[in-house]
Amino acid sequence: MSSKHLQGKIAFIAGVGDDQGFGFAIAKSLAEAGATILIGTWTPIYKIFTTSWDNGKFDESRKLSDGSLMEIAKVYSLDASFDVPEDIPEEILNNKRYQAASNYTISEVASQVEKDYGKIDILVHSLANAPEVKNPLLETSRSGYLSAHSNSSYSFVALIKYFAPFMNKGGSALTLTYIASERAVPGYGGGMSSAKAALESDTRTLAYEAGRKYGIRVNAISAGALRSRAARAIGDKGVSFIDMMIEYSKHNAPIQKDLSSGEIASAAEFLLSQKSSAVTGVTLYVDNGLHAMGVSVDSPALSSLNS
């Protein structure tokens with residue numbers, strides 16, 4: 001989409017910490033379409049992100065089709081693990097990465113956004129975290145499992161809970177999920193597969209509840225493997241999980257090519273715009289078609305099909 005069909009719209013994207021992930025790509029696509037961009041960046045890296053931005057580290061990535069640079073109207077320090085100040089444990093309050101920060105819970109950030117901009121139109125949840133993601137499910141602790149759900153799925157519920165009351169009717173919310181929600185994907189551990197399953201279920205329920213209560217739409221994109229900085233952190237013993245998944249997709253997806261963050265962003269732009277005004281409660285696969293496959297076509301058992 002190249003027109004300025006989102007001119008006058010305000011978008012809040014939670015979970016942008018660099019220029020490599022889906023969140024940044026979605027922000028850029030929305031900016032290209034004319035939207036005002038607000039960013040929520042994880043509190044411990046807030047200073048790193050804003051300093052890098054101010055120093056021009058992301059200038060090349062910020063370039064829009066007309067040669068101008070994407071602008072961010074405001075960056076907010078956000079830790080989506082906490083809904084209200086009372087949720088913050090003592091060890092976080094005393095952590096050196098948090099001591100200079102304030103007002104970073106979801107409710108506080110939502111209140112500040114409403115104070116700064118009044119109404120918004122678009123809400124994007126582009127964050128996930130599991131402290132034991134490198135562990136197989138059978139080796140994941142209860143606290144690690146619950147943390148994955150809190151950070152990666154409940155955070156979407158909480159964002160809508162606090163942001164939807166000041167979203168314009170007809171607005172749209174979006175989250176990002178992964179095929180491990182419904183298929184066994186060895187290596188994607190720590191309870192993250194369960195958290196993504198919950199996220200997709202919540203998307204359907206939130207579509208009903210937020211649709212009826214606030215008149216907004218709620219959808220998800222099930223994205224294929226992308227070599228973002230966060231994804232590269234998954235893996236053990238020197239083996240990169242994301243590199244294996246990218247290679248697997250190239251061999252087995254119907255469309256054999258690398259997936260780009262821009263392709264995810266284009267689909268997101270559609271779901272977040274009035275071009276999809278009757279679409280809600282949907283999980284849209286943007287993965288070169290890998291989700292449609294029932295077998296691995298590069299398996300030696302199917303070698304006769306490939307000869």
Exercise. Out of all the residues in the stretch 247-303, which are assigned to a helix (DSSP H, G or I), more than 16 Å from the chain's Cα centre (by Cα) and hydroxyl-bearing (Ser, Thr, Tyr)?
Worked result: Tyr248, Ser249, Ser276, Ser303
Problem set entry | In the stretch 155-179, the residues that are small (Gly, Ala, Ser) and either touching a strand residue (DSSP E or B) at 6+ places or on another chain (Cβ under 8 Å) or at pLDDT below 95 (or both) | Ser155, Ala164, Gly170, Gly171, Ser172, Ala173
Seminar exercise, completed: Restricted to the stretch 124-145 and to residues being under 30 Å from Ile72 (Cβ atoms) and not in a loop (DSSP other than H, G, I, E, B), the residue nearest to the chain's Cα centre (by Cα) is His125
Exercise. Are any residues in the stretch 154-198 buried (at least 22 other Cβ atoms within 10 Å of the Cβ) and on the phi > 0 side of the Ramachandran plot, and if so, which ones?
Worked result: Gly190, Gly191
Exercise. Only one of (1) assigned to a loop (DSSP other than H, G, I, E, B); (2) at pLDDT 95 or above; (3) more than 27 Å from Lys9 (Cα to Cα) is not met by Ala148, so which one is it?
Worked result: (1)
Exercise. Somewhere in the stretch 109-123, is a residue more than 24 Å from Ser193 (Cα to Cα), basic (Lys, Arg) and in a helix (DSSP H, G or I)?
Worked result: yes
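Please go through the stretch 198-218 and give me each residue that is of a type in the set (A, V, I, L, M) and closer than 26 Å to Ala180 by Cβ, ordered by number.
Quick first cut of the stretch 198-218, residues of a type in the set (A, V, I, L, M) only: 198-199, 206-207, 210, 216, 218.
Within the stretch 198-218, Ala198, Leu199, Leu206, Ala207, Ala210, Val218 qualify.
The values are calculated or read from the model by the stated rules, or taken from the named source; none is laboratory data. Predicted, not measured: the structure shown is a model, and the values here were computed from it. Virtual Cβ from ideal backbone geometry, glycine too; neighbours counted across all protein chains shown.
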